There are 2 protein chains.
Amino acid sequence: MTRTATSAHPLDVALELEPVGDGTVSGRTTADYANMVGPFGGITAATMLSAALRHPERLGDPVSLTVNFAGPVADGPFTIDARPTRTNNSTQHWTIEMTQDGVVATTATAVFALRRDSWTSTEVTPPTAPAAESVEPTVGPEFIRWMRNYDMRFVDGGLTDIDGERGDSTTTLWIRDSPARALDFPGLTALCDSFYPRVFLRRGQMCPAGTVSLTIYFHVDADTLAGHGDDAVLATARAQHFGRSYFDQSAELWGRDGALLATSHQVMYFKV
Amino acid sequence: MTRTATSAHPLDVALELEPVGDGTVSGRTTADYANMVGPFGGITAATMLSAALRHPERLGDPVSLTVNFAGPVADGPFTIDARPTRTNNSTQHWTIEMTQDGVVATTATAVFALRRDSWTSTEVTPPTAPAAESVEPTVGPEFIRWMRNYDMRFVDGGLTDIDGERGDSTTTLWIRDSPARALDFPGLTALCDSFYPRVFLRRGQMCPAGTVSLTIYFHVDADTLAGHGDDAVLATARAQHFGRSYFDQSAELWGRDGALLATSHQVMYFKV
């Protein structure tokens, strides 16, 4: 199929969810976001968030999201049960569970809020990077299908740097959906999980690795995020500690104007 | 009551849980860990983790924990339902919910694992600090009862530094239970939430603030943690971004020998 300007974006196709009653929705994995085995974790996280975002009782915008990858997600249909566990005046707490054939594949919790104006300060600073337009895009390996849906321009710690040991696991890149798509919370969620495993960079080789838990803190509300449009995001990630088969990683996602859109943390299994 | 060497530690008293069947346990808040309103969030987080740790089906050690403070915890009894949502060969995923009178007060998810030997590297470095013994302990304000259960020795960003605006929200301190207690996963969990809100330090004043979601990544297994004994932990935290009534904070907890015990992240509500 030739994709035309009027066809739905592959991300929106992947996020299609059909209500099946009482806060439960059904969906299916799509080939566009396939990883080596099963779907890209970022699309699973974005789908979990979408189930809450589209729930009729939803209040406000997401402030935090934690997604636990409990087991492999098989290619095919899934069911998501999104339950508002507690709704307060300005905050709402969610417990979300994805099942396939009655078996839990993914769990999540989220906090939504009606955000109010307050004192504002960004204490961390964005990484130094040339303009996105001046950096060459990287084409991912053929067997990692989901990467073809992103325009990735590595500033530091790119795929070609997985070559010999290094002491620093930092990767910094400009990234946006390809084809371009206006950034929203599900799109931003998927970007938070788009970094390849930091252990590849430290060890200079690929190895078995997979995210077990991902947490995102959103620093923008829907209106501010809409103002970002489909510009590239400056994304940077590094690890803190590797040991006993797990490592953690922290990331920042910056808008072009120096606005911190989200901070994200995850813990990954690895074998090396 | 005079506490003697043979009486139970106040932390263990606060973590007492009684099985009431089918993975559900009951407990009650204790005056020792009272905050200004309700209990200290760290003790609630430690209690949620304990419900999974003591569950008869528990596999391995905690790797990650996310606790969502859905609403105020009232002084008095509570019920915790800890449910292993999926158990794999070497990992186990948990969904945990605390209720009071049938109303959800706190939710959590956790990942446990049988950890295996692997390549090890700590990429971040501990903050510079003099030995714990050479730093004066700080006595917290009388009205924050839970602080009396900790020996806190501030190296940077202490309570007396909440005095005029600053550009950096970093607090670094040596901290341990008081009376001393051998560190375990619940004890470490509580320490991860022991930092006062970063906004106090940036703004130089106290203001309404409370954690809405806390995530901890554990970098040690039970045996390694047991080796720490009751030594003080070098703890450091700083914020990334404040805006629209929420800010996030990241922390590291170090053992005396330069072992990274845990990294922790949280998002807090604030009003200023």
In the range A:137-158, which residues are open to solvent by 40 Å² or more (accessible area, probe 1.4 Å) and out of contact with any strand residue (DSSP E or B) (no Cβ under 6 Å at 6 or more places or on another chain)? A:Val139, A:Pro141, A:Glu142, A:Phe143, A:Arg148
Flagged in the range A:245-254 as closer than 23 Å to B:Val67 by Cα and open to solvent by less than 10 Å² (accessible area, probe 1.4 Å), in numbering order, are A:Tyr246, A:Phe247, A:Asp248, A:Gln249, A:Ala251
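Assess whether B:Asp81 counts as being more than 11 Å from chain A (Cβ to nearest Cβ) and among the acidic types (Asp, Glu). Give the derivation first.
Numbers: more than 11 Å from chain A (Cβ to nearest Cβ): yes; among the acidic types (Asp, Glu): yes.
Yes, satisfied.
Taking the range A:82-136 on its own, how many of its residues are in a strand (DSSP E or B) and open to solvent by 60 Å² or more (accessible area, probe 1.4 Å)? Let's see the steps before the verdict.
Step one: of the range A:82-136, the residues in a strand (DSSP E or B) are A:82-87, A:91-100, A:103-113, A:121-122.
From what is left, the residues that are open to solvent by 60 Å² or more (accessible area, probe 1.4 Å) are A:83, A:87, A:103.
Total satisfying the criteria: 3.
Restricting the search to the range B:245-272, which residues are part of a strand (DSSP E or B) and more than 22 Å from B:Leu188 (Cβ to Cβ)? Outline the logic, then answer.
Let us first name the residues in the range B:245-272 that are part of a strand (DSSP E or B), namely B:246-254, B:260-270.
Once the filter is applied, which keeps residues that are part of a strand (DSSP E or B) and more than 22 Å from B:Leu188 (Cβ to Cβ), the range B:245-272 yields B:Tyr246, B:Phe247, B:Tyr269, B:Phe270.
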Taking the range B:245-255 and keeping residues over 19 Å from A:Ala239 (Cβ atoms) and at the interface with chain A (Cβ under 7 Å from one of its Cβ atoms) leaves B:Ser245, B:Tyr246
Helices (runs of 4 or more DSSP H) wholly inside the range A:165-244 containing at least 1 residues that are open to solvent by 20 Å² or more (accessible area, probe 1.4 Å), within 9 Å of another protein chain (Cβ to nearest Cβ) and over 19 Å from A:Asp12 (Cα atoms): A:198-203, A:222-228
Could you go through the range A:18-29 and let me know if any residue there is of a type in the set (A, V, I, L, M) and either closer than 23 Å to A:Asp177 by Cα or within 14 Å of another protein chain (Cβ to nearest Cβ) (or both). no
Of the residues in the range B:61-73 that are at the interface with another protein chain (Cβ under 9 Å from one of its Cβ atoms) and over 16 Å from B:Phe185 (Cβ atoms), the one that is surrounded by the fewest Cβ atoms within 10 Å (Cβ to Cβ) is B:Gly71
Checking B:Gly42 against (1) surrounded by 22 or more Cβ atoms within 10 Å (Cβ to Cβ); (2) closer than 30 Å to A:Ala105 by Cα; (3) within 14 Å of chain A (Cβ to nearest Cβ), only one condition comes out false. Which one? (3)
Have a look at A:Val199, A:Val272, A:Val212, A:Val233 and point out the one that is modelled with pLDDT under 95 and closer than 25 Å to A:Asn68 by Cβ. A:Val272
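Of A:Ala108, A:Ala129, which residue is touching a residue at least 60 places away in the same chain (Cβ under 8 Å) and within 10 Å of chain B (Cβ to nearest Cβ)?
A:Ala108
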Which condition number does B:Gly76 fail, the rest of (1) surrounded by 18 or more Cβ atoms within 10 Å (Cβ to Cβ); (2) among the small types (Gly, Ala, Ser); (3) more than 17 Å from A:Val212 (Cβ to Cβ) being met? (1)
Could you run through the range B:111-123 and say how many residues are facing another protein chain (nearest Cβ under 7 Å) and among the aromatic types (Phe, Trp, Tyr)? 1
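With the condition kept exactly as written, say whether any residue in the range B:256-264 is basic (Lys, Arg) and more than 8 Å from chain A (Cβ to nearest Cβ).
Here is the first cut: in the range B:256-264, the ones basic (Lys, Arg) are B:256.
Now narrow it down to the ones that are more than 8 Å from chain A (Cβ to nearest Cβ): B:256.
For the range B:256-264, residues basic (Lys, Arg) and more than 8 Å from chain A (Cβ to nearest Cβ): present.
The values are calculated or read from the model by the stated rules, or taken from the named source; none is laboratory data. None of the values given here were measured: they were computed from a predicted structure. A quick note on method: Cβ atoms are made from the backbone with ideal geometry, for glycine too, and the neighbour counts reach across all protein chains shown. In case anyone asks, the SASA skips ligands and DNA or RNA and just uses the protein heavy atoms, side chains included. Shrake-Rupley method; radii C 1.70, N 1.55, O 1.52, S 1.80 Å.
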